[in-house]
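*Asks:* The structure follows.
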Amino acid sequence: LIISQVTVVTIMIFINLSILTQAVKTINMPIGFNTNNISTVTLNLSSTEAPTKEQRIIIMAAIIKKLSAFPKIEYVAQGSSPLDGFGIKLLTKKTTNKKYTPYFKRIDHRYFKMIEQNMISGENFTKETRQNSSLMIVNQAFADQLKDDGDVIGMELTSIKEPNFKIIGIVKDITLHGQTAFGTEDQTANIPRSYAPNQINEANFMIKIKPDQTVSRQQIDKLLSEVDSRYSVHSLNAVTDLVTKSLFAEITMAVTSIVIALITFMLAGLGLFGVISYSTQMRQFEIGTRLAIGAKGKDIVWLILKENMSALATGLCISVLLLIGLYFSFAQYLTSYISTELLTPLLVTLLLVSLLSFLSCYLPLRQYINKPVIHSLKSND
């Protein structure tokens, strides 16, 4: 019974602590861009008669100007945040005809400054060059794919039904939780991304709110009504909330693994305590006799520990063998999770199981070693 209890608790606690470690690592992973005080705003058109493209350009320019002038808003960018998603763009390297499928997003000239995604080399879009839809900025991961030394400034890429793209700049990589490079499942690889100027009439914005300030949906609606009453706020979301939402699976996994580990620890503790407590009660008279002839409390505790040590050690060994067998049986799925970072969950597991074993041996003895010897010698029931 002791062997089975120790085997189960060791395996369960180690697996759950390993899952917890991976979840916490993902939650704390730097995403590569700033989210503080930034919110996304999507507009809604209430009129059945939509304005023309030229009219929308004028309206959106006026909305940007109105939002930028609002005292609580520090900066405005036209376009959606990185967390609102990327598309996939099929691009072909003009000189070699080699095809690539990076993630693709259309942005304005304020986008990188807004989220503090730094340029590595080359130049950003400007208010003037933004109207040239054939310009492109790539991240470092895509630049390394295109050329070994990553020096791709001036390189041309072709795309179906679009003019050739010319690369003018390279930006740092970002990490979006749960997203892998197109066509792969490797979550550790940097993801190739590309950016091109968006349409000036786009009705999505990012606003950076000044520190210690808040902007409500009603306040933005009021500003929009002063420009064009047909537009209102469809959604207003803090980017930090979007980050938390994207981590929902990892947060749920972390909480669940903690709960399961605690429940396993408690149930195993009750099981071990029950087995060893029963064994101790059967030896009540023996324990009382040892105490009567001069044994100390620590001697009795060491005696019970020593006698149960082989069962505890056997349980630990079996659990290790089962974990090794589990790894080799599912090596193709578990290889990416095996690293030196698992040493911490392993050490914590051994510490918890050792503590559990000690308490299970010590607690049943307290009623004998903390009371006068006569209580232990009264009967052998």
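*Asks:* Among all residue pairs at least 6 apart or on different chains, which show Cβ distances below 6 Å where the first residue, located in segment 283-310, is under 15 Å from Ile374 (Cα atoms) and at pLDDT below 85 and the second is in a helix (DSSP H, G or I) and not hydrophobic (A, V, I, L, M, F, W, C)?
*Replies:* From residues that are under 15 Å from Ile374 (Cα atoms) and at pLDDT below 85, the pairs are Gln284/Ser376; Ile287/Tyr368; Ile287/Ser376; Gly288/Ser376.
*Asks:* For segment 62-79, give me the residue count where each residue is in a strand (DSSP E or B) and either of a type in the set (D, E, K, R) or open to solvent by less than 40 Å² (accessible area, probe 1.4 Å) (or both).
*Replies:* 5
*Asks:* Any idea which of Ala203, Ala196, Ala181, Ala189 is modelled with pLDDT under 95, surrounded by fewer than 17 Cβ atoms within 10 Å (Cβ to Cβ) and among the aliphatic types (A, V, I, L, M)?
*Replies:* From the options Ala203, Ala196, Ala181, Ala189, the qualifying one is Ala189.
Results for (1) touching a helix residue (DSSP H, G or I) at 6+ places or on another chain (Cβ under 9 Å); (2) under 30 Å from Phe265 (Cβ atoms); (3) modelled with pLDDT under 90; (4) part of a helix (DSSP H, G or I), shown as yes or no for each residue.
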residue: Ile3; (1), (2), (3), (4): yes, yes, yes, yes
residue: Ile19; (1), (2), (3), (4): yes, yes, yes, yes
residue: Thr26; (1), (2), (3), (4): yes, yes, yes, yes
residue: Asn44; (1), (2), (3), (4): no, no, no, no
residue: Pro51; (1), (2), (3), (4): yes, no, yes, no
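*Asks:* Would you mention how many residues in segment 233-280 are open to solvent by 40 Å² or more (accessible area, probe 1.4 Å) and over 20 Å from Leu312 (Cβ atoms)?
*Replies:* Number of matching residues: 20.
*Asks:* State whether one or more residues within segment 158-181 are among the aromatic types (Phe, Trp, Tyr) and farther than 25 Å from Ile38 by Cα.
*Replies:* Going through segment 158-181, the residues among the aromatic types (Phe, Trp, Tyr) turn out to be 165.
In the following step, the residues that additionally are farther than 25 Å from Ile38 by Cα were identified as 165.
Among the residues of segment 158-181, at least one is among the aromatic types (Phe, Trp, Tyr) and farther than 25 Å from Ile38 by Cα, which makes the answer yes.
*Asks:* Open to solvent by 20 Å² or more (accessible area, probe 1.4 Å), of a type outside the set (Lys, Arg), more than 30 Å from Gln22 (Cβ to Cβ) and in contact with a strand residue (DSSP E or B) (Cβ under 9 Å, 6 or more places away or on another chain): does that describe Ile220?
*Replies:* Here the answer is no, as Ile220 does not meet what is asked.
*Asks:* Kindly provide the set of residues from segment 43-61 that are in contact with a His (Cβ under 7 Å, 6 or more places away or on another chain) and open to solvent by less than 40 Å² (accessible area, probe 1.4 Å), ordered by number. Give the derivation first.
*Replies:* As a first pass, look at segment 43-61 and keep what is in contact with a His (Cβ under 7 Å, 6 or more places away or on another chain): 43-44.
Across segment 43-61, the qualifying residue is only Leu43.
*Asks:* Just give me the residues in segment 1-28 being surrounded by fewer than 18 Cβ atoms within 10 Å (Cβ to Cβ) and in contact with a Ser or Thr (Cβ under 6 Å, 6 or more places away or on another chain), in sequence order.
*Replies:* Across segment 1-28, the qualifying residue is only Ile3.
*Asks:* Going by the structure shown, is Thr40 assigned to a strand (DSSP E or B), under 25 Å from the mean Cα position of the chain (by Cα) and not hydrophobic (A, V, I, L, M, F, W, C)?
*Replies:* yes
The values are calculated or read from the model by the stated rules, or taken from the named source; none is laboratory data. Quick caveat, the model's predicted, so the values are computed rather than measured. Cβ sites come from the backbone with ideal geometry, for glycine too, and all protein chains shown count toward neighbours. These area figures cover heavy atoms from the full protein model, side chains too; ligands, DNA and RNA do not enter into them. Shrake-Rupley method; radii C 1.70, N 1.55, O 1.52, S 1.80 Å.
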